[in-house]
Every structure is written in structure tokens, then in C-alpha cells.
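Okay, so here's the structure we're looking at.
The values are calculated or read from the model by the stated rules, or taken from the named source; none is laboratory data. Quick caveat, the model's predicted, so the values are computed rather than measured. With ideal geometry, Cβ positions are generated from the backbone for all residues, glycine too; neighbour counts draw on all protein chains shown.
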Amino acid sequence: MGRYTDNPNAIAALVRGGEVHRDVYIDEELYRLEMRHLFANTWVFVGHDSQTPNKGDYYTTQIGDQPVIMVRHTDNEIKVLYNRCPHKGTKIAIDRTGNTGKFFRCPYHAWSFKTDGCLLAIPLKKGYQDTGFDDSNAKPGMRAVGAVKNYRGFVFARLAEDGISFEDFFNGSLTSFDNMVDRSPAGRLEVAGPPLRYMHQCNWKMLVENQTDTCHPMVAHESSAGTAVQIWKEMGYTEDDPKPPAMEIIAPFMSPYEFFEDMGIRTWPNGHGHTGVHHSIHSKYSEIPGYMEAMHAAYGPERTQGILAENRHNTVYFPNIMIKGPIQQLRNFIPLGPNRTLVESWIYRLVDAPDELLARTAMYNRMINAPTSIVGHDDLEMYERAQEGLHASGNDWVNVQRLYPGPEDFSAEQVENGTTERQMRNQFDAWVRFMTADMPGASAAMQEAAE
């Protein structure tokens, strides 16, 4: 047992106002505790129900370090099961996607299970008579996770049997999902192909923090977006000239500090928040022919205006995803170690909307988030430099103090200056609470930390 295991006081001491201890990014024990506690006690994104449209369709992924299967059961509901046979522990499904029919079958000893995990059949079952098998841990079959929620097509799961409800965990933050889905005239999204997957040699929290860091774009992206803007000017174009889609996407990354200050940041309890309260880098995209007419037919002009006037930049859903409503994108930051993170960038089709919208979304994903992207490598270099630098002695603390007013209350929605680091502090407040939620003495530790 290390210094942090079952020690809520030690974990709470890692976060103090505008500073967090470097161990939260580099310590192996804390990483293991995140997998055991944080990712078990929170609601974590699993997938989209359009990935499993038919009964028996499944998709394999992980929650923290736990392998799971998302599958559409015979009752047409989505189930999330641990990807493990209760017999010898063999992984049931190794393909990323597929259709298992009416049951799963273990490839080792042919135990079979219904798509809700219930044990269906065992070869030579008579060999278990009078052995007490009915009272064994294997008898129920493949274990389901603690709780599952399908919210407007997006599937979330909580590993823990007991804990915070989906509604209490997300609260008002779900409006960002609502806006993204409502941009479809049919009120539905569909996954558009597999995600772009991109490995980062850094801690997963660095990527999550960066989603609401508005003081880095004009600095870190000067070599990419800045170069594109400079070439555009050298070609004789001005800011007021119509831009091709690629320039519409990349030029706003070079917006000045004042642009990001004025855009605003909204925070919600439990570590959720978004940039782009008033405007964002997505606000001035060109209209797509036929889209407005489809939206008016579906919602009417007034409701359409309300939907499309929202141009939230990045909405972070704690612990590890971000969505961009205006371009229908979700990024999933999957931790693989204290210094290793797999990033999945998913895009979605707006059902009944013109295909040009999906084309723009796909272009954004390729330009900004692909392993071969223009902008993404800027961030990657910063993350990896930080991961290396945090091992340097002399300073054990990381600063998140920008616009820090003193002790903060994260229990209610709040809107602030768009360059505040409040959302990062909000995430670490949630990090401490959910890391320690099921530890003995956690309440006393939280009270002491608050004081």
C-alpha cells in the first residue's frame, strides 16, 4: 500500500486553491487509484447507440482500464457488460465491432450468455451438479456495469453499483448535448465512420484541461494556424474577404486574447464546463445551402434561431470527454497509464441535414485532430514537454491560478471571463471528490480541505 491508497486526506492535499501537485500527472499509484475510484464513481462515455443499430450488434471499448462491451439486447435496449467470461476470465469479444446474434459464446470453453449477460448454457452442465454452482460468482453470467444511461443516443455508464445519479452528475451541462442533437432537423445523430485515434505520451488530464485553455491558441498554434493566416494575407486577401472552408476553420485559432476573454466560460458542478458562452471560433462559418430550410421545416424560424445561435466552443464532460456542438464532434481521452493517453475523435452526421455539413466536420477533424493534422501536433508537443518537465525537481506544484478569486464554490453554474482557469480548478475539485467518494473518512477529509 502506498501513501495515497485509502488515504483521502493525502489525496485532498494534492489540490489547494490555485495549485495542484505534480503527482496528479506523474504518479503511478495515483493513476491506479483513478482507475479504481474516479472512473468507477463517475458517469463515463461508452459510445453512441448508432454504433449498435441492430439486435446483437456490439462495440468493445473501455471505461478507465476496464474492458467493456456495449451491445443491443433482444429488447432493443443498450446493455454495457464487462468483457470477461465468469469461468476463466477470457475476453469474450476481441473485435472492435460485430454482431453476436442472440448470444455471446466464450471461445475458450463455449460457455454462452444472453446479450444482457445472463448465463445461457454450459457444456457438460451435469458436471456442476451438487457442487454449489448456483451460489457461485459464475452463475449470474457476464457481469453488467453498475448503471447505464442512453441520453439522446449517447451511452454513459457508471461502474459502481451505487453512487451519484446520471441527472445529478450532469445537471445543466446536458444542454450542450441537447444543442448538438437539436441541430439535426430530425433531432438525431449518427456516427460517421470510425474515429481518428492518436496516441499521446502524456497524462490524460492534460488533454482535458487544454480543452478550456484559451490562453494557448495564439501562442502554441502560431506555427500552424499563424502560418496559414500569414500566407492568406500575402496572397492579397483581407479579413473581410470570403474564406474557403479550410481557412474558416483554421484562422480563428489566431484570434487575440480579447476574443477569448469576451467569449466567456461557463462552469457547472462536478467538473463540467464550456468555453464559448457568447461566441466562439465556430461562430462565423458559412451557411450551407438547404440547411436553414430543413431546420425551419422541422422547428420553425424562432426555435431554429435559438438552436443555431448557440455556438459553444468546447464542452468538457468530466472526467474525460469533450464535445463541439456546432460541428458535431466528440473527443474521448482514454487513459492508458500516468503518461500515456489514447485520443479518439468521433464525428457525427446530422440526420436529414445536407451532406456538406458532415464534409465540413470531417475536414475539421482531419485538420485539427488527426495524427497527420496541422494543428494537433502543436498541442502534442506541449503535452509531452509538460510531462517531461514535471519530473524536474525544485517545484512540486502546477499553477492554475489565473483569475482565482480565493476559495471557490463549484456547487452552482457560473459564467466568467473566457480566459479564467476556473474550469480547470472545477475539474480538480471534482477529481478529489470522486477519487475519495468510496474511501473511509472521505467526508472529514473534504471538510478539512474546504476549511
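Contact list please: Cβ distance under 9 Å, first residue in region 248-274 and over 14 Å from Gly172 (Cβ atoms), second residue of a type in the set (Phe, Trp, Tyr) and not in a strand (DSSP E or B), pairs at least six apart or on different chains.
Glu248/Tyr285; Ile249/Tyr285; Ile249/Tyr364; Ala251/Trp232; Pro252/Phe259
Filter region 375-403 for residues that are assigned to a loop (DSSP other than H, G, I, E, B), of a type in the set (S, T, N, Q) and in contact with a strand residue (DSSP E or B) (Cβ under 9 Å, 6 or more places away or on another chain) and give the result.
Hit for region 375-403 is Gln401, nothing else.
Six or more apart or on different chains, Cβ under 9 Å: which pairs go from a residue in region 101-126 that's closer than 18 Å to Asn137 by Cα to one that's of a type in the set (Asp, Glu) and assigned to a loop (DSSP other than H, G, I, E, B)? Could you list them?
Between residues of region 101-126 that are closer than 18 Å to Asn137 by Cα and residues that are of a type in the set (Asp, Glu) and assigned to a loop (DSSP other than H, G, I, E, B), the close pairs are Asp116/Asp75; Asp116/Glu77.
Given the conditions (1) crowded, with 23+ Cβ neighbours inside 10 Å; (2) within 28 Å of Phe39 (Cβ to Cβ); (3) touching a Leu at 6+ places or on another chain (Cβ under 8 Å), which single one is not true for Tyr383?
(1)
With (1) within 19 Å of His279 (Cβ to Cβ); (2) under 25 Å from the mean Cα position of the chain (by Cα); (3) without any contact (Cβ under 8 Å) to a residue 12 or more places away in the chain as the list, and Glu167 as the residue in question, which single condition is left unmet?
Among (1) within 19 Å of His279 (Cβ to Cβ); (2) under 25 Å from the mean Cα position of the chain (by Cα); (3) without any contact (Cβ under 8 Å) to a residue 12 or more places away in the chain, the lone unmet condition for Glu167 is (1).
Quick check: is even one residue across region 407-425 within 23 Å of the chain's Cα centre (by Cα), of a type outside the set (Val, Ile, Thr) and at pLDDT below 95?
no
Looking only at residues that are among the basic types (Lys, Arg) and within 20 Å of the chain's Cα centre (by Cα) in region 339-388, which one is nearest to Asp27 (Cα to Cα)?
Here the residue is Arg340.
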